[in-house]
Amino acid sequence: MMVTGSLGATWISFACCLCFVITYSSRNVCCSLAANTGKEYTEQDRQYWIENAKAKVTEKVKYVNKRGVAKNIIMFLGDGMSLTTLTASRIYKGQMEKRSGENEYLSFEKFPFVGMSKTYCVDKQVADSACTATAYLTGVKANYETIGVSASVKLNDCPGSVAPGNRTQSIADWSMAAGKAVGLVTTTRVTHASPAGAYAHTAHRNWESDADLAKAANLTDVTQCEDIAKQLITRSPGIDIKVILGGGRHKFFLNDTDKKGSRRDMDLVEFWKKDKAERFGNDKSAYVENREQLLNVDPSKTDYLLGLFESKHMKYHLKANATIQPTLAEMTRKAIEILKKEENGFFLFVEGGLIDSAHHETVARLALDETVEFSKAVQQAVDMTSEDDTLIVVTSDHSHTMTMAGYPVRGNDILSLSGSRGIDELPYTTLSYANGPAKTNDPANTNDPQPNVNCARQDLSKVDTSQLSFAYPHMVTMKDYETHGGDDVMVFARGPWAHLFSGNYEQNLIPLTMGFAAGIGPAARVVGGSAAFTSAGLGTAAVSSPLAVLTGALLTTLVVRCVCS
């Protein structure tokens, strides 16, 4: 009897031969058409847009959905990366490279499948990064500012957060149960809300150290809880995460050391070093604090890596010392180099967390630059992995209130004035915010949140909008920071089962779909899933059934002929 793999290979070979014959017969038609239309069109020509669209149709029709097992999963999270942020960032990217920018692509915008997710919390219309992290990493929607617990746990409910029935399991748990390696990389504190969703259970996102937890003693019985940093280093699954890179040293060291920590109970970095040495040997782990140390880590000899590069969040890319602080792409590369050694594959979470921080300050230039850096990290992962066995999902946790408005001319500096004026005859910037912090761009009024007693708009023609920390205009002044936005966010996917990320859906669908593709987690055994391909003897590079391959190949050939003609 012919084995499944051989039968599939036979059908695929037959399909390829048949397609070659059909394509060859139409080759002269296509080539002659190309010769007849050899003119180089510009955007002013009608045919420029037609040919552009035809090429995209051909590309899409040729694409074959991948249905094999995802050995590896990489999730990229652009914190606060709204749709407007994507548009403005791609323009910024192009303009930094001396082009107009509007028709540029961020690396992940080239992925074959795109969807949208709904970001609300169970108790809030507009979400924060804690309830969303619980949704996209554990598959359960939760309450505002809580992490790794169901909506049965209210904010500050410490006893409720330790009840086993209220705790969620993350895709890090599912991955480890399947023998996969796990890593997390972020530009924020590694104990911040987004990465904490992979390993922590807490009734308040701010309980990052024991000192933070102690401040809530008048709100709940904190003796029953552990802070987020301690959970990461001493509890499962955190204790077994192989790569941890980001900021936040302050939450790990004692407050009586030169490390200027905040802890009162124990030095968590020393605990981590001792634990790894006792369990795996002295030469299998490394702790680093700067770029040089990170780049010098030998991935072939290192199984566990902890890197804490700043006391708090890492510095913005445009403000960092490039010789001291690694980029997000460099951290991503090192993480993949270490994790890819795992025979059973890996799950890696990578966050561009400072997009959100810059938006909260309404400093759009920094937000866009952080998004471009995020895009570089995604490209790094694409370059190091195969679409056949690695599912890469790129999304955001929530949006922000930044808008892009006016009618600026093509190629206008995205970070400058729009070229139009309001009814008050004052110019306005293309980018602005619905609300923002009480700060001013007028050096003479640095301590005055309202430089004009009548709340009139500032004359931006007299302000240097190219300043690195220029705060963009907002309508409503907030006490502290600009808020999040409640709009849906984009999801981009490539690799095995990436087509399942198309459409509009709840945010908590994301981790279950990633798990489905890898054959792990609650959705692993859904009928027709990747687990079925594993049991049938098909590997990670498996595609659709032989009949589907043949049908798809024939349809592709026919459509390509139609497009050519």
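One table, with the values for the structure above:
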quantity	calculated
Members of region 360-371 found to be at negative phi, more than 16 Å from the chain's Cα centre (by Cα) and not acidic (Asp, Glu), listed by number	360, 363, 364, 365, 366
Residue within region 327-337 that is over 28 Å from residue 392 (Cα atoms), charged (D, E, K, R) and not in a loop (DSSP other than H, G, I, E, B) present	no
Matching residues, region 287-316, being outside any helix (DSSP H, G or I), open to solvent by 70 Å² or more (accessible area, probe 1.4 Å) and not charged (D, E, K, R)	296, 300
Residue list for region 196-247, filter: assigned to a loop (DSSP other than H, G, I, E, B), open to solvent by 10 Å² or more (accessible area, probe 1.4 Å), over 19 Å from residue 265 (Cα atoms) and out of contact with any Lys or Arg (no Cβ under 7 Å at 6 or more places or on another chain)	204, 205, 218, 219, 220, 236, 242
Subset tally (residues that are aromatic (Phe, Trp, Tyr) and open to solvent by less than 30 Å² (accessible area, probe 1.4 Å)) for region 250-286	3
Residues that are open to solvent by less than 10 Å² (accessible area, probe 1.4 Å), within 19 Å of residue 219 (Cβ to Cβ) and aliphatic (A, V, I, L, M), drawn from region 124-160	130, 142, 147, 149, 153
Every residue from region 393-421 that is part of a strand (DSSP E or B) and under 30 Å from residue 494 (Cα atoms)	393, 394, 395, 399, 400, 402, 403, 404
Region 291-343, residues that are hydroxyl-bearing (Ser, Thr, Tyr) and farther than 18 Å from residue 390 by Cβ	300, 302, 304, 311, 316, 323, 327
In region 163-182, the residues that are without any contact (Cβ under 8 Å) to a residue 12 or more places away in the chain and assigned to a loop (DSSP other than H, G, I, E, B)	163
Sole exception among (1) part of a helix (DSSP H, G or I); (2) within 24 Å of the chain's Cα centre (by Cα) for residue 160, by number	(2)
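The values are calculated or read from the model by the stated rules, or taken from the named source; none is laboratory data. Note that the structure is a prediction, hence the values are computed from the model and not measured. With ideal geometry, Cβ positions are generated from the backbone for all residues, glycine too; neighbour counts draw on all protein chains shown. Keep in mind that these areas ignore ligands, DNA and RNA; they rest on the heavy atoms of the full protein, side chains included. Shrake-Rupley method; radii C 1.70, N 1.55, O 1.52, S 1.80 Å.
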